[in-house]
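Notes follow once the structure below has been shown.
Each value in this text was obtained by applying a stated rule to the coordinates, not by laboratory testing. Quick caveat: nothing in here was measured; it's all calculated off a predicted structure. Quick reminder, even Gly has a Cβ in these numbers, built from the backbone with ideal geometry, and neighbours come from all protein chains shown.
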Amino acid sequence: MMTGLFISELERTFKRKKTAVVLAVYVGLLAFIWFFLFRMGGTSFFDAAHDVKIDSLNSAPLFLRELAFVITFIVIPMFVADSFNSEYTSGALRMVLIRPHHRVKLFFVKWAVQCLLVFLLLSLTWVVGTVVGKVAMPHVNETMFLGGQTVGTVGAFLYSLKFYGICFCIFMTVISIGSILSVLMPNSILSYVATIGALIGSVYVSDKLSFFFSVTDSVFHELSRPNSEFLVNLLFPILLISLIINLFVWKKKEWVG
C-alpha cells in the first residue's frame, strides 16, 4: 500500500502544471548560470568576502551556490504549498483520506516525494556543474576550497559529495518546516509567504540558524572547520523536531468534514 501511495503522489505532483513550469524555469536557470559564469571569466564566491576562480574540480559546489537561493525561497515553498496546502484547501486530500490510509503514512509519502524532487534538482545541478567544469573551465589537478583546503581530483569529488549532502539535509529541513506551515495556513499563498517569512525570521532568532537564509555560504564555512558537529548538534535535531510536530499536527487536524 505504501508503494501505491508513493506512486499516486508522484503522479499527482508531476501532473500539476506548476511543477512542470518550475522545473522548466530551473533548467533555464542552469543554462543561464552556465553562460553567466563563463562570460564573467569563471569567477564565483565562497561567501561575500571570498571570491574564487572556477576550475574543473571546484565547479559543482560553486554552481549550486548560484541556485541555492532559488531552491530555498522559490522551488521548495512553492512545491510544498502545492502538495500540502492546495490539496487540503481544494478538498483533494479529503478524497484520499476517506480511503483506509493511515495519516502518518500519507504524510511521509508526501514528504518523501518533496525530498525526491529536491534530490533530482540537486543531482541535475551537480551533473551540469561538473560538466561545465570539465568542458568550459580551466583544467587543474588540484584546487582550493574555503579555509585553505587543497585537494586533488578524489578530494574534490568527496568534498562535492559532502557539500551537496549537507545542502540536501538543509533542504529536507526546509521542506519539513514548510509542510507544518502549509497545513496550518488557510490557503497556499499564505503558506508560501509564511514559509519564506520563517526562513528569513530564523536569522533574527539566532545567528546559528543563518544557514536557512544563506545555505551554501554556511556549508562552505562548516566544511572549512575541522570536526564540525553542525549536522549532529543543530541540523538533525531541528529536522527531527519538525517531523515530530508534523506528525502531531497531522494526527490532530480535522481533514474530513
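Please give the FRET efficiency for Ile7 paired with Val104, using the beta carbon to beta carbon distance and R0 = 25 Å, rounded to the nearest 0.05.
0.85
Need the C-alpha centroid separation for the stretch 22-83 versus the stretch 209-230, integer Å.
When both Cα centres are located, 17 Å separates them.
Can you give the extra length, in nm with one decimal, that the chain gains between Ala49 and Ser206 once fully stretched, where that is 0.36 nm per residue apart less the Cα-Cα distance?
54.4 nm
Near Phe145, within a Cβ-to-Cβ distance under 15 Å, what is the net charge of the other residues, with Lys and Arg +1 and Asp and Glu -1?
-2
Using 1/(1 + (r/R0)^6) with R0 = 25 angstrom and r between the beta carbons of Lys251 and Val25, what's the FRET efficiency to the nearest 0.05?
Here the calculated transfer efficiency is 0.10.
Per DSSP H run of n ≥ 4, the term is -39500 (n - 2.57); total these for the chain, divide by its residue number, and report the mean residue ellipticity at 222 nm rounded to 500 deg cm²/dmol.
Mean residue ellipticity, 222 nm, calculated: -21500 deg cm²/dmol.
Which aspartates and glutamates does Lys253 reach when only Cα atoms under 15 Å apart count, and residues fewer than 8 places away in its own chain are ignored?
Leaving aside aspartates and glutamates fewer than 8 places away in the same chain, those within reach of Lys253 are Glu87.
Taking 0.36 nm per residue of separation and subtracting the Cα-Cα distance, what length does fully extending Val154 through Arg16 add?
Values: separation 138, 0.36 × 138 = 49.68 nm, distance 4.01 nm.
Answer, rounded to one decimal: 45.7 nm.
Which entry in (1) 19.4; (2) 18.3; (3) 18.8 is this structure's computed Kirkwood radius over Cα pairs in Å?
(1)
Tell me which aspartates and glutamates have Cα within less than 18 Å of Lys53's Cα, excluding those fewer than 8 residues away on the same chain?
Glu66, Glu142, Asp217
How high is the relative contact order of the chain, in percent, with contacts defined as C-alpha pairs under 8 Å that are six or more residues apart?
Relative contact order of the chain: 27 percent.
Need one number: nm distance between label points at Met144 and Asn187, each 7 Å from Cα along Cα→Cβ, rounded to one decimal.
Each label point lies 7 Å from its Cα, and together they span 5.4 nm.
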